[in-house]
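So the structure is just underneath, and the comments pick up after that.
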Amino acid sequence: MINIPKSFQALGQICLIKQKDKKVAQDILKKRSQFKSVYYSGKISGKLRKPKVEWLAGEKNTLTKVKENYCEFIVDISKVMFSKGNQEEKRRIVSQIKKPEQVLDMFSGIGYFTIPIAKLTPAKVWAIELNPDAIELLKQNILLNKLAEKIIVIQGDCKIEAPKLGKKFDRVILGYFPNTYEFLPAALKVAKKDAVIHFHEIAEDPQEIIDKIKQINPNLKVLKSTKVKPYGIRKWHWVIDLQYN
């Protein structure tokens, strides 16, 4: 009998599973011909959001290419995270941008939001990322999608680098959690009047997040709360759209 787990993540030719079971991994390769490798996927940890992975079966290759929302991404699963559960959120933000906005992505990673915004909208994106491995992959993904003229890459801590840009932005993306609250003041410093801020955080209920945001700046207007995906027991990944008045 071939054992295929109900829950797995497909990233190009790599399959990620949540159990360290080489028999299951070998069964996946037998049943699913699109996969060349199977890896155990553990927790994302640290400020650099590095994943813990372990080879289980197939080729020992952590590099893959992912196609999503008309965009292509080169991903190294041993160095950076890639959540396919955020696809709808990426489409939602893209659908909001109708004019040539200036967008700041304060946690760009390999371009999860930066690439589709730059490719599918008239916006120009400033992308800040701390992880040097993610920066190198971001640069490759910019070239892969032919977006060199629409994206400016900055490596460093967004709390330090964002104010140094000397610009005000129409839209700011805070695609990071937990404790995104500590980065909100830096986002507010570079937001134009009436700018939209997409604030990601984990909670059981969005009001819990909104209450903490209001403690930082009571004048921020809440436009919408969006439930992205489950995250642990009785916890959800939420995006709160804010308007800076």
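The values are calculated or read from the model by the stated rules, or taken from the named source; none is laboratory data. Here the structure is a predicted model, which means the values were calculated and not measured. Ideal geometry is used to build each Cβ from the backbone, glycine not excepted, and the neighbour counts take in all protein chains shown.
Residue by residue, here is whether (1) of a type in the set (D, E); (2) under 16 Å from the mean Cα position of the chain (by Cα); (3) over 19 Å from L143 (Cα atoms); (4) assigned to a helix (DSSP H, G or I) holds:
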site	(1), (2), (3), (4)
W55	no, no, yes, no
K67	no, yes, no, no
R92	no, yes, yes, yes
P100	no, no, yes, no
P116	no, yes, no, yes
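Scanning segment 7-17 turns up one or more residues that are closer than 26 Å to P230 by Cα and surrounded by fewer than 13 Cβ atoms within 10 Å (Cβ to Cβ). The lone criterion from (1) within 25 Å of R91 (Cβ to Cβ); (2) of a type outside the set (A, V, I, L, M); (3) surrounded by 13 or more Cβ atoms within 10 Å (Cβ to Cβ) left unmet by K227 is number (3). Regarding Q87, is this residue in a helix (DSSP H, G or I), in contact with a strand residue (DSSP E or B) (Cβ under 8 Å, 6 or more places away or on another chain), modelled with pLDDT of 95 or more and surrounded by fewer than 18 Cβ atoms within 10 Å (Cβ to Cβ)? Taking the combined requirement at face value, the residue does not satisfy it.
Conditions tested, residue by residue: (1) outside any helix (DSSP H, G or I); (2) at pLDDT 95 or above.
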residue: V172; (1), (2): yes, yes
residue: F177; (1), (2): yes, no
residue: P185; (1), (2): no, yes
residue: D194; (1), (2): yes, yes
residue: E208; (1), (2): no, yes
residue: D211; (1), (2): no, yes
residue: K214; (1), (2): no, yes
residue: V239; (1), (2): yes, yes
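The residue that is surrounded by the most Cβ atoms within 10 Å (Cβ to Cβ), among those in segment 178-224 that are of a type in the set (D, E) and under 12 Å from L242 (Cβ atoms), is E201. Filtered by the rule that a residue be part of a helix (DSSP H, G or I) and of a type in the set (A, V, I, L, M, F, W, C), segment 126-148 gives A134, I135, L137, L138, I142, L143, L144. Only one entry of A57, A118, A25 meets the criterion of being touching a residue at least 24 places away in the same chain (Cβ under 8 Å) and assigned by TED's automatic domain parsing to the domain that holds I197, and that entry is A118.
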